[in-house]
Every structure is written in C-alpha cells, then in structure tokens.
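**Student:** Submitted below is the structure of interest, expressed as structure tokens.
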Amino acid sequence: MALGIHSGHGGARGGPAMVGPDGAFDGPVVERAAGREWTLPAGAFWQVHPAAADTLAGAVLDLLDPRPGESAWDLYGGAGLFAAALATRLGPDAPITLVESAPPAVSAARANLTDLAGLSVVPATVEAALRRRRVRGPVDLVVLDPPRTGAGAAVSRAVMAAGPRAVAYVACDPAAFARDVRTFRDGGWRLAALRAFDMFPMTHHVECVGLLSP
Ligand SMILES: C[S@@+](CC[C@H](N)C(=O)[O-])C[C@H]1O[C@@H](n2cnc3c(N)ncnc32)[C@H](O)[C@@H]1O
C-alpha cells in the first residue's frame, strides 16, 4: 500500500512529506512508534494516522500479553511495527519471525531493527513462507495484519496448526476479518476479544484488532 500524505512528525525535513501516486517523493520519512525512531522509504507501508501505529501496537500487546521466553510471528509485518512492539516485552533476543513480501518494507525492517538479535526477516508472501515451511511452528504468539483481502483460509489454518496460544488479528476490512474468524471457529478457536478503532474519520473504514484463542 503506498503512503498518501504522510504526517512525518519529526520527519527528515521536520514537516509533512508529499507522496505521489507513483510513490515518488523527496526523501525518507522519519516516524516514532513502539519506543523507537523509524526511517522509512516511500514504498514501505506505514499507518497513515499519526496516532495509529502506537495505538494498534498497544492494543496488540494488551491482547497478546507477551510473556518472557515466548516466541512470535509478525505476519504481513511491513517495516516491523509489531515485531518491535513484541520485542519491548519479549526482549531483543526473543525469537521473532517477520514475513513480508514488499521489498521496500523488507529493507526497512532489516535497516530499522538491527538491534533485535532474535529477529528473522523472511522476504516472501505469507502463503509461500508457510507452504514451503520457511516459517515453521511451534510458535507462542502470532500477529496477523493482512491487506484488505484478509489472511484467507489456508493461512488461517496454517497459523492454527503452528499451535500458538494467542493470535492478534489486525484487520482493515471487517468483512474479510469475519470470514477468517469463521475459519478459526471451524478450527475450534474463538474470538476472545475485539477492539474497533475509528482510524479513518469521516469514512466508513473501521480498523479492528481481534484476539483469537484456541
Ligand atoms: C496492512 S499492512 C501492515 C504492515 C505492518 N504490520 C504495519 O502495521 O505497519 C500489510 C502488509 O502486508 C504486506 N503484504 C501484502 N500481501 C502480502 C502477502 N501475501 N504476504 C506477505 N506480505 C504481504 C504489504 O506489503 C504490507 O506491508
């Protein structure tokens, strides 16, 4: 997803950065979230609303309640917002695997999270990474933050098969989310908690964060 008008608070030039439809703009954007500073290229996903990144990261941590010693997957990880948030609780050496298919986001994750010794970045689609077992369970915690199409049945089943104790599903399309919740329910899981955020005021979009439990 390309950035639109980027808030870029604390940005490289101290003001908003304009991003055209072709993704061209005049320099990297600097953001603060999850207790760190991020330098992001135009092609990497970032939440548009300035408060969204920390709000969603806080909701994910609240719902997953990460415990020392646990491992985690950040699927559809972008530049690594949720991996970084998880590491604030699990520690820099915790085994966290981020899967992301867009090369600019993969580069941003690698460049911004060099301090996380336990982090593995897998440059692939989530579907292929799971199918080819480049990402393998068991794992304790999973964050799923797919694009509007949702994770789909194959990914949802593969996540359940990895045996996590909790999955945080960050959903920008409630209909796709509901479809995937049905797959989890059919697998014996339940939607244990649900939060909704009006992150795009004056539009019909509602961002949801759901906690799925086996
Ligand atoms: C909604 S964004 C979330 C990014 C990140 N979690 C964040 O909050 O900043 C979805 C991300 O998934 C990536 N993506 C889209 N389809 C994918 C797929 N099939 N496999 C892996 N990544 C994918 C996009 O490039 C994008 O970075």
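The values are calculated or read from the model by the stated rules, or taken from the named source; none is laboratory data. Not measured: the values here are computed from a predicted model. Glycine gets a Cβ as well: all are built from the backbone with ideal geometry, and neighbour counts include every protein chain shown. Please note that ligands, DNA and RNA were not included when accessible areas were found on the heavy atoms of the full protein model with its side chains. Shrake-Rupley method; radii C 1.70, N 1.55, O 1.52, S 1.80 Å.
**Student:** Report, by chain and number, residues whose modeled amide H sits under 5 Å from the one on ALA79, excluding near sequence neighbours (fewer than 5 apart, same chain).
**Tutor:** Under 5 Å from the amide H of ALA79: PHE45.
**Student:** Can you compute the FRET efficiency between GLU37 and HIS204 using 1/(1 + (r/R0)^6), with r the Cβ-Cβ distance and R0 = 35 Å? Round to the nearest 0.05.
**Tutor:** 0.60
**Student:** Going by the alpha-carbon gyration tensor, a ≥ b ≥ c the square roots of its eigenvalues, is the range 105-211 rounded (a/c under 1.5) or, if a/c is not under 1.5, prolate (a/b greater than b/c) versus oblate?
**Tutor:** oblate
**Student:** From the helices alone, meaning DSSP H stretches of at least four residues, give me the mean residue ellipticity at 222 nm for the chain, per-run term -39500 (n - 2.57), in deg cm²/dmol to the nearest 500.
**Tutor:** -8500 deg cm²/dmol
**Student:** Would you kindly state how much longer the chain becomes between ALA154 and ALA196 on full extension, computed as 0.36 nm times their sequence separation minus their alpha carbon distance, in nm to one decimal?
**Tutor:** Between ALA154 and ALA196, full extension yields an extra 12.6 nm.
**Student:** A follow-up question, please. GluC sites (Glu not before Pro), restricted to the range 37-111: which are DSSP loop and have at most 10 other Cβ atoms within 10 Å?
**Tutor:** Here no GluC sites (Glu not before Pro) fit, given the DSSP loop and packing criteria.
**Student:** Tell me, what does the Kirkwood hydrodynamic radius of the chain come to in angstroms if you use every pair of distinct C-alpha atoms?
**Tutor:** 17.3
**Student:** Report the relative contact order of the chain, percent, no decimals, based on alpha-carbon pairs under 8 angstrom and at least 6 residues apart.
**Tutor:** Reported as a whole number, the value is 15 percent.
**Student:** Further, regarding this structure: To check you understand DSSP bridge types, tell me what percent of the beta bridges within the chain (both residues inside) are antiparallel, rounded to 5.
**Tutor:** The answer is about 55 percent antiparallel.
**Student:** Another question about this same structure. In terms of the Cα gyration tensor, with a ≥ b ≥ c the square roots of its eigenvalues, is the range 26-142 rounded because a/c is under 1.5, prolate because a/b exceeds b/c, or oblate?
**Tutor:** oblate
**Student:** Rank THR97, MET160, LEU56 by how far each Cα sits towards the positive end of the charge dipole of the chain (+1 on Lys, Arg Cβ; -1 on Asp, Glu Cβ) and give me just the farthest.
**Tutor:** Ranked along the dipole, the leading option is MET160.
**Student:** Among THR183, THR114, THR88, determine the one that fluctuates most according to a GNM of the chain built with springs between C-alpha atoms less than 10 Å apart.
**Tutor:** THR114
**Student:** For the chain, modelled as a Gaussian network with Cα springs under 10 Å, which listed residue fluctuates most, ASP74, ASP65, ASP140?
**Tutor:** Highest fluctuation of the listed residues: ASP65.
**Student:** Give me the accessible area per residue for the range 43-213, probe 1.4 Å, as a whole number in Å².
**Tutor:** Spelled out: the 1.4 Å probe surface of the range 43-213, per residue, equals 43 Å².
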